[in-house]
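Report on the structure given below.
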Amino acid sequence: METIEAIILGMVQGLTEFLPVSSSGHLQIAKALLGVEIEENLAFDVTLHAATVLSTIVVLWPEVRRLVCGLFSRRFNAEQAYILKLIVSMIPIGIVGFALKDQLDAMLNSPYILTIVGAMLLLTAALLAFAYYARPRQKAEISYRDAFIIGLAQAVAAMPGLSRSGSTIATGLLLGDRKESVAQFSFLMVLAPILGEMLLTIIKGEASFASIGTVPMIAGFAAAFIVGCLACKFMINIVKRGKLIWFAIYCALAGIVSITSSLL
């Protein structure tokens with residue numbers, strides 16, 4: 001892989017990780033357009049995801065610091081309750097990660113990957129549109145039940161092309177959670193699963209980047225981190241304004257293009 005290709009893929013990951021348009025789907029589309037074939041497909045994707053995890057921590061550092069400080073309080077407090085909700089939300093993706101990791105990896109290398117991505121992008125578009133037009137009763141805060149249901153949405157979004165942030169944010173909005181709360185919760189709930197997946201990849205010895213190279217890998221990581229910081233701030237403002245319908249339209253168009261490309 002050339003360094004410029006790694007930078008482009010890193011920028012795609014950084015931008016689409018936080019926008020509700022599916023980072024995994026766009027990574028596969030970008031690889032196809034660039035003609036990039038990577039033997040360590042999943043390991044490379046997980047590394048770029050780790051870069052966006054770092055950008056999430058940087059952008060939401062005041063909230064992360066508040067949660068960490070509150071965690072060590074002797075009395076059960078709001079910060080500990082929030083962390084417990086985050087843990088509850090991680091249960092579904094943890095089960096999917098352990099049970100279906102090999103199948104998901106094989107899917108990324110499938111000759112029909114663009115068709116799968118296209119179909120999931122269309123599903124993302126439908127979900128975002130539904131969340132945009134629905135007007136559920138607003139709740140004061142995210143409940144444990146809501147946290148688990150949002151976690152289920154994240155688990156389903158393990159499918160390439162189905163936006164994780166789009167699925168979790170739309171699910172939270174449909175449950176009646178406030179826009180600001182669900183956007184922040186969506187970005188924080190993915191931290192531990194991605195870091196855990198990267199740790200497992202390293203432990204299992206799957207983090208070999210022989211076909212990628214050290215310089216391209218570092219360049220891709222840096223690009224994903226820098227663009228991710230900008231995209232995270234942008235997306236939080238977009239959710240507050242309730243402009244998700246434009247992303248629904250984009251996902252529908254991208255899905256059609258992806259499916260059409262796979263048939264040519």
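The values are calculated or read from the model by the stated rules, or taken from the named source; none is laboratory data. Nothing here was measured: the structure is a model prediction, and the numbers come from that model. Ideal geometry is used to build each Cβ from the backbone, glycine not excepted, and the neighbour counts take in all protein chains shown.
I need every pair where a residue in the range 42-63 that is at positive phi and of a type outside the set (Phe, Trp, Tyr) has its Cβ under 7 Å from the Cβ of a residue that is at pLDDT 85 or above and in a helix (DSSP H, G or I), sequence separation at least 6 or different chains.
So the pair list comes out empty.
Can you tell me which of (1) at pLDDT below 85; (2) in a helix (DSSP H, G or I); (3) crowded, with 22+ Cβ neighbours inside 10 Å is the one Val21 doesn't meet?
For Val21, the exception is condition (2).
Scan (1) at pLDDT 85 or above; (2) surrounded by fewer than 24 Cβ atoms within 10 Å (Cβ to Cβ); (3) on the phi < 0 side of the Ramachandran plot for the single condition Ser186 breaks and write down its number.
With (1) at pLDDT 85 or above; (2) surrounded by fewer than 24 Cβ atoms within 10 Å (Cβ to Cβ); (3) on the phi < 0 side of the Ramachandran plot applied to Ser186, the lone miss is (2).
So for the range 91-104 (the condition being closer than 23 Å to Val36 by Cβ and touching a Lys or Arg at 6+ places or on another chain (Cβ under 9 Å)), does at least one residue qualify?
no
Given the residues Leu195, Leu230, which is the only one that is modelled with pLDDT under 85, surrounded by fewer than 22 Cβ atoms within 10 Å (Cβ to Cβ) and in a helix (DSSP H, G or I)?
Selected residue: Leu195, the only one of Leu195, Leu230 that is modelled with pLDDT under 85, surrounded by fewer than 22 Cβ atoms within 10 Å (Cβ to Cβ) and in a helix (DSSP H, G or I).
With the structure loaded, tell me whether Ile142 is under 27 Å from Asp102 (Cα atoms) and among the hydrophobic types (A, V, I, L, M, F, W, C) or whether it fails that test.
Criteria not met by Ile142.
So which residues in the range 233-264 are surrounded by 13 or more Cβ atoms within 10 Å (Cβ to Cβ) and part of a loop (DSSP other than H, G, I, E, B), if there are any at all?
Leu244
Yes or no: the range 203-213 includes at least one residue that is in a helix (DSSP H, G or I), surrounded by 20 or more Cβ atoms within 10 Å (Cβ to Cβ), modelled with pLDDT under 90 and not basic (Lys, Arg).
Within the range 203-213, not a single residue is in a helix (DSSP H, G or I), surrounded by 20 or more Cβ atoms within 10 Å (Cβ to Cβ), modelled with pLDDT under 90 and not basic (Lys, Arg).
Residue-wise test of (1) outside any helix (DSSP H, G or I); (2) modelled with pLDDT under 85.
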position: Met1; (1), (2): yes, yes
position: Ala6; (1), (2): no, no
position: Gly10; (1), (2): no, no
position: Glu39; (1), (2): yes, yes
position: Phe44; (1), (2): no, yes
position: Thr52; (1), (2): no, no
position: Ser55; (1), (2): no, no
position: Val64; (1), (2): no, no
